[in-house]
Amino acid sequence: MKKIFILLVIVFTSSFVNAQDRMDRDEKIKTLKIAFITDALNLSKTEAQKFWPVYNKFDEENHALREASYKKRKAVDVTTMSESEASKLLDDMQNSYNKRHQLFSNYMKDIRSILPAKKVIMLKQAEDNFKRKMFEEFKKRRHDKNDKP
């Protein structure tokens with residue numbers, strides 16, 4: 001497992017040395033995340049075949065809901081909005097949260113039919129660990145970039 005992690009870090013580090021467009025970077029991050037989670041959960045081939053389509057669908061739909069909500073909030077100037085516009089925005093935000101909650105509930109039901117409960121918990125830990133490692137790498141790269149003359 002340590003060898004795979006070291007390999008992931010090397011691949012991740014080398015992938016960002018060359019400045020590439022955002023889509024390439026996003027694809028590389030997604031590939032690293034898949035490898036990281038697969039390794040952390042020790043998924044069997046059968047589990048992986050059932051798990052990844054469900055996981056990817058949830059991830060895409062959740063991202064779309066978050067992004068749509070963010071764009072709505074970002075497009076509004078709070079200082080000039082009326083009370084009725086603010087009320088409508090709050091209703092939209094609540095609706096978005098409800099949709100995300102329902103999406104997550106359905107996802108949990110689907111995932112629990114594929115993986116044992118212990119692996120579902122391990123999945124959350126693996127996602128958190130991956131995000132933390134990504135953030136640490138980002139901070140390191142940002143620090144290294146700022147240190148260069």
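Nothing in this text is a laboratory measurement; each read-out follows from the coordinates by a stated rule. What you see is a predicted model, and the numbers here were worked out from it, not measured in a lab. Ideal geometry is used to build each Cβ from the backbone, glycine not excepted, and the neighbour counts take in all protein chains shown.
To the nearest 0.05, what FRET efficiency results for residue 105 and residue 135 with a Förster distance of 35 Å applied to their C-beta separation?
Computed FRET efficiency for residue 105 and residue 135: 0.80.
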inquiry  = In the range 44-114, if the dipole is taken from +1 on Lys/Arg beta carbons and -1 on Asp/Glu beta carbons about the Cα centre, which of 52, 90, 69 is farthest to the positive end?
reply    = 52
ask   = For the pair residue 146 and residue 25, how long in nm is the line joining their label points, each one 7 Å along Cα→Cβ?
value = 1.7 nm
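State, to one decimal in nm², a quarter of the convex hull surface area for the C-alpha atoms of the range 44-114, i.e. the direction-averaged projected area. Working shown, then result.
Working: hull surface 20.1 nm².
Mean orientational projected area (the range 44-114, Cα hull): 5.0 nm².
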task = Give, rounded to the nearest 20 debye, the magnitude of the charge dipole that the range 44-114 has about its Cα centre when Lys and Arg contribute +1 at Cβ and Asp and Glu contribute -1 at Cβ.
result = 320 debye
request  = Determine the gain in length on full extension of the stretch residue 49-residue 85; use 0.36 nm per residue of separation and subtract their C-alpha separation, reporting nm with one decimal.
outcome  = 8.4 nm
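What's the extension gain from residue 62 to residue 97 if we count 0.36 nm per residue and subtract their Cα-Cα distance?
Numbers: separation 35, 0.36 × 35 = 12.60 nm, distance 1.03 nm.
Roughly 11.6 nm would be gained on extension.
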message = Going by Cα centres, the range 20-59 and the range 85-149 are how many Å apart?
response = 14 Å
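So what is the relative contact order for the range 44-114, in percent, with contacts set as C-alpha pairs under 8 Å and at least six apart? Walk me through the numbers on the way to the answer.
Details: 24 pairs, mean separation 41.3, N = 71.
Relative contact order of the range 44-114: 58 percent.
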